[in-house]
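Visitor: Below is the structure I would like to discuss, written out as structure tokens.
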Amino acid sequence: MRIDIITVLPELLKSPFEASILKRAIEADLVEVHFHNLRDFTTDNYKSIDDTQFGGGAGMVMMVEPIDKCISALKAERDYDEVIYMTPDGETLKQGIANQLSLKENIIILCGHYKGVDQRVRDHFITREISIGDYVLSGGELGAAVLCDAIIRLIPGVLGNETSALTDSFQDNLLAPPIYTKPRDYKGWKVPELLFNGNFPEIEKWREEQAYLRTKERRPDLLDE
Ligand code: ADE
């Protein structure tokens, strides 16, 4: 899989890809992540990427031309499955979207800034608009990092234990059950006895029940989906 991220602040985005699981995935060639600085696609001496709104109003708008130049240069090299725009008015990121996107070959992610991008960018280039939640960030970069992390960890081979992504919270619309490790008794705080009985079907049944109870208590909305 290849991800091309278009941004005016590449330095804000790079560090999540330089540590831990994302770094290993890149080093193992399971994913390629490329950063494109929008200012490299400007045509004026000031390297302008934004301007004031037609019709008046506060806030700058990202111009269509540098974005067109950048996306067109990428598209001339390969076909893209999705051109995603990170924006608070997009569809809210859910596990299902990450699952779908992890199966794609090539995606572009455009990070917005200021008031956002000229509507013509959205009309003519963008195939999918994603928000990471109902709050406004100062730019799309942190949202793009969140989206990339959620996608990349699902690519086969990225997680050590292949099955571990399948038992994450939200797969099956359920939160994950409680988990325990050594010691068995810490200051009198005991691990449930059932986990030691060696009866794996029973343990699995307990985990499913716990996942259901936790979901019912914390996120009943998930059970309606
Ligand atoms: N850009 C600004 N706010 C955002 C959000 N909530 N999700 C994605 N991109 C954004």
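The values are calculated or read from the model by the stated rules, or taken from the named source; none is laboratory data. All figures in this text were calculated on a predicted structure; none of them were measured in a lab. Neighbour counts run over all protein chains shown; Cβ positions are idealised from the backbone, glycine included. Keep in mind that these areas ignore ligands, DNA and RNA; they rest on the heavy atoms of the full protein, side chains included. Shrake-Rupley method; radii C 1.70, N 1.55, O 1.52, S 1.80 Å.
Visitor: How much solvent-accessible surface does Thr181 expose, in Å² to the nearest 10, with a 1.4 Å probe and all protein chains in place?
Guide: 110 Å²
Visitor: When the chain is modelled as a GNM with alpha-carbon springs shorter than 10 Å, which of Phe35, Phe170, Phe200 fluctuates the most?
Guide: Phe200
Visitor: Based on the alpha-carbon gyration tensor of the range 55-140 and its eigenvalue square roots a ≥ b ≥ c, which shape applies: rounded if a/c is under 1.5, prolate if not and a/b is larger than b/c, or oblate?
Guide: Working: a/c = 2.60, a/b = 1.17, b/c = 2.24.
In terms of gyration-tensor shape, oblate.
Visitor: Could you report the chain's accessible area per residue, 1.4 Å probe, as an integer in Å²? Show your work: numbers first, answer last.
Guide: Numbers: 13350 Å² over 225 residues.
Heavy-atom SASA per residue in the chain reads 59 Å².
Visitor: For the chain, take the longest principal axis of its alpha carbons; what is the angle in degrees between that and the long axis of helix 141-152, to the nearest 10 within 0 to 90?
Guide: It works out to around 50 degrees.
Visitor: Turning to a different aspect of this structure: Between 0 and 90 degrees, rounded to the nearest ten: what's the tilt of helix 64-77 against the longest Cα principal axis of the chain?
Guide: Result, in degrees: 70.
Visitor: Using amide H atoms built in the peptide plane, which far-off residues or other-chain residues are under 5 Å from Met60 H to H?
Guide: Lys115
Visitor: Given points 7 Å out from each Cα along the Cα-Cβ axis, report the Phe200 to Lys187 separation in nanometres with one decimal.
Guide: Computed distance between label sites Phe200 and Lys187 equals 3.4 nm.
Visitor: Sticking with this one: Hey, in the GNM for the chain with a 10 angstrom Cα cutoff, which one of Gly157, Gly116, Gly56 fluctuates hardest?
Guide: Highest fluctuation of the listed residues: Gly56.
Visitor: Strictly over 28 Å apart at the Cα level, which of Lys23/Lys205; Lys94/Lys216; Lys182/Lys205; Lys94/Lys115 would you flag in this model?
Guide: Values: Lys23/Lys205 36 Å; Lys94/Lys216 18 Å; Lys182/Lys205 22 Å; Lys94/Lys115 24 Å.
From the list (Lys23/Lys205; Lys94/Lys216; Lys182/Lys205; Lys94/Lys115), the Cα-Cα distance tops 28 Å for Lys23/Lys205.
Visitor: Further, regarding this structure: If R₀ is 35 angstrom, what is the calculated FRET efficiency for the pair Thr52 and Lys75, using the beta carbon separation as r and rounding to 0.05?
Guide: Values: r = 29 Å, r/R0 = 0.83.
That pair, Thr52 with Lys75, gives E of 0.75.
Visitor: What aspartates and glutamates does Lys47 reach when the alpha-carbon gap must be under 16 Å and sequence neighbours fewer than 8 apart in one chain are set aside?
Guide: Glu65, Asp68
Visitor: Out of the total accessible area of the chain (probe 1.4 Å, heavy atoms of protein only), what percent is carbon and sulfur? Each step should come with its number before you reach the end.
Guide: Working: 6840 of 13350 Å².
Carbon and sulfur: 51 percent of the exposed surface of the chain.
Visitor: Where is the GNM fluctuation largest for the chain (alpha-carbon springs, 10 angstrom cutoff): Glu105, Glu141, Glu204?
Guide: In the Gaussian network model the winner is Glu204.
Visitor: Heavy-atom accessible area of Tyr180 with all protein chains present, probe 1.4 Å, nearest 10 Å²?
Guide: 120 Å²
Visitor: Grab the beta carbon distance between Asp134 and Gln100, set R0 = 22 Å, and tell me the FRET efficiency rounded to 0.05. The partial results should precede the final answer.
Guide: Values: r = 21 Å, r/R0 = 0.97.
According to the calculation, E is roughly 0.55.
Visitor: Provide the solvent-accessible area of Ser20, counting protein heavy atoms only and rolling a 1.4 Å probe, rounded to the nearest 10 Å².
Guide: Estimated to the nearest 10 Å², Ser20 gives 80 Å².
Visitor: Gly90's amide H: which non-local residues (gap 5+, or another chain) put their own amide H closer than 5 Å, with H modeled 1.01 Å from N in plane and none for Pro or chain starts?
Guide: Ser131
Visitor: Among all the aspartates and glutamates, which ones have a C-alpha under 20 Å from Lys104's C-alpha, if same-chain residues fewer than 8 places away are not counted?
Guide: Hits, sequence-local ones excluded: Asp4, Glu27, Asp29, Glu32, Glu77, Asp79, Asp81, Glu82, Glu91, Glu129, Asp149, Glu162.
Visitor: In debye, nearest 20: dipole of the chain around its Cα centre with unit charges on the Cβ of K, R (+) and D, E (-)? Each step should come with its number before you reach the end.
Guide: On the way: 26 positive and 38 negative charges, 147 e Å.
Computed about the Cα centre, the dipole is about 700 debye.
Visitor: Quickly work out the Glu208-to-Arg24 label distance, labels modelled 7 Å from Cα along the C-beta direction, and quote it in nm with one decimal.
Guide: Using points 7 Å along Cα→Cβ, the separation is 3.0 nm.
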